[in-house]
Amino acid sequence: MKNDPIRIGINPISWSNDDLPTLGGEIPLSTALEEGKAIGYEGFELGNKFPKDPAALRSLMAGYGLDVVSGWYSGRLGERSAAEEIVTVEKHLHLLAENGCKVMVYGEVAHAIQGEPIPLYKRPRMRTDDEWKRYGERVTEFARFTLSRGVRLAYHHHMGAYVESPDDVDHLMAHTGEDVGLLFDSGHTYFGGGDPLTVLDRHIARICHVHCKDVRPGIVRLARNRQWTFLESVLNGAFTVPGDGVIDFAAIIARLKAHGYQGWLVVEAEQDPAVAPSQRFAKKGYDTLRSLLDRDAVREVA
């Protein structure tokens, strides 16, 4: 509902995966937008099939009555300066700002292995406080720039990257300024070894964007025990949509509402659409979140 402070969006990864183009690569963007709108979603995050021109993107989304939620940016502050990153982000940031986005999803890809045939335990790590301090300074400087353009950086902790575990998130938040927002991803939190509610409570003041991803614990355990890569974990079904796994989204939404969160809940679950049909799972994710939001709204009125 347009007047709700919390809105429900989706990532096109439910239909086609940018990291694994063979997963849904044949599904046209129009199918994702049509089905997403029919289900009830108010907006989409961007993917590789969306226009890169601001006016073309605005026209496309208006035709479906959908908003642009945000878009992933592959950053490399782990290996280059904020000044270099500012030059690189310019076009993408302009695309988001011109389409009304309030946040930009920042994914650190320097030395990341999320798309590589390398077991997750071999991910990059920062070993010293000095490394964290220098990295945090670069992220903060970069975030100040994006915010000057009206778009807050939403840092995405992610499997296979420097910031994966709850300890990594703690270090990142401790070494960055308030201009740096946190993207809370329930599925990556669980897979990264954390309890989603604990991490949410600890950093809720910095959370500016939320990815709602459920997990299948048995597959997550296999991924760790068998030393799978991130993409092997995805292909074997580690992630799913809200309502199809074990994460307590009722508690997550209650915490966010109690804190006064105003922003998007984005269904984003990497799956193979041949195994998990896109429309059916996208609807399950939406229905789960919508029912929880509506239930809380009824309680508040009562």
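Before moving on, here are some points about what is shown:
- Every pair of residues 6+ apart whose Cβ atoms lie under 6 Å, when the first sits in segment 262-273 and is touching a residue at least 12 places away in the same chain (Cβ under 8 Å) while the second is of a type in the set (Lys, Arg) and open to solvent by 20 Å² or more (accessible area, probe 1.4 Å): Trp264/Arg7
- Residues considered: Asp244, Asp294. Of these, the only one that is open to solvent by 30 Å² or more (accessible area, probe 1.4 Å) and assigned to a helix (DSSP H, G or I) is Asp294.
- All positions within segment 37-79 that are in contact (Cβ under 8 Å) with a residue 40 or more places away in the chain, of a type in the set (D, E, K, R) and part of a helix (DSSP H, G or I): Arg58
- Counted residues, segment 141-170 - those being open to solvent by less than 40 Å² (accessible area, probe 1.4 Å), in a helix (DSSP H, G or I) and under 29 Å from Glu270 (Cβ atoms): 6
- Selection over segment 214-228 of residues that are buried (at least 18 other Cβ atoms within 10 Å of the Cβ), part of a helix (DSSP H, G or I) and either in contact with a helix residue (DSSP H, G or I) (Cβ under 6 Å, 6 or more places away or on another chain) or among the charged types (D, E, K, R) (or both) gives a count of 2.
- Among the conditions (1) open to solvent by 10 Å² or more (accessible area, probe 1.4 Å); (2) under 30 Å from Asp130 (Cα atoms); (3) not in a helix (DSSP H, G or I), the only one that Ala83 does not satisfy is (3).
- Reported count of residues in segment 98-128, each being among the charged types (D, E, K, R), open to solvent by 30 Å² or more (accessible area, probe 1.4 Å) and touching a residue at least 24 places away in the same chain (Cβ under 8 Å), is 4.
- Exactly one residue out of Leu231, Leu197, Leu183 is more than 22 Å from Asn17 (Cα to Cα) and either in a helix (DSSP H, G or I) or in contact (Cβ under 8 Å) with a residue 24 or more places away in the chain (or both): that is Leu197.
- Hits in segment 20-61 - residues which are surrounded by 15 or more Cβ atoms within 10 Å (Cβ to Cβ) and acidic (Asp, Glu): Glu35, Glu42, Glu45
The values are calculated or read from the model by the stated rules, or taken from the named source; none is laboratory data. This one's a predicted model, so the numbers in the text were calculated from it and none came from an experiment. Cβ coordinates were reconstructed from backbone atoms using ideal geometry, including for glycine residues, and neighbour counts include every protein chain displayed. Side chains are part of the model used for accessible areas, which takes the heavy atoms of the whole protein and leaves out ligands, DNA and RNA. Shrake-Rupley method; radii C 1.70, N 1.55, O 1.52, S 1.80 Å.
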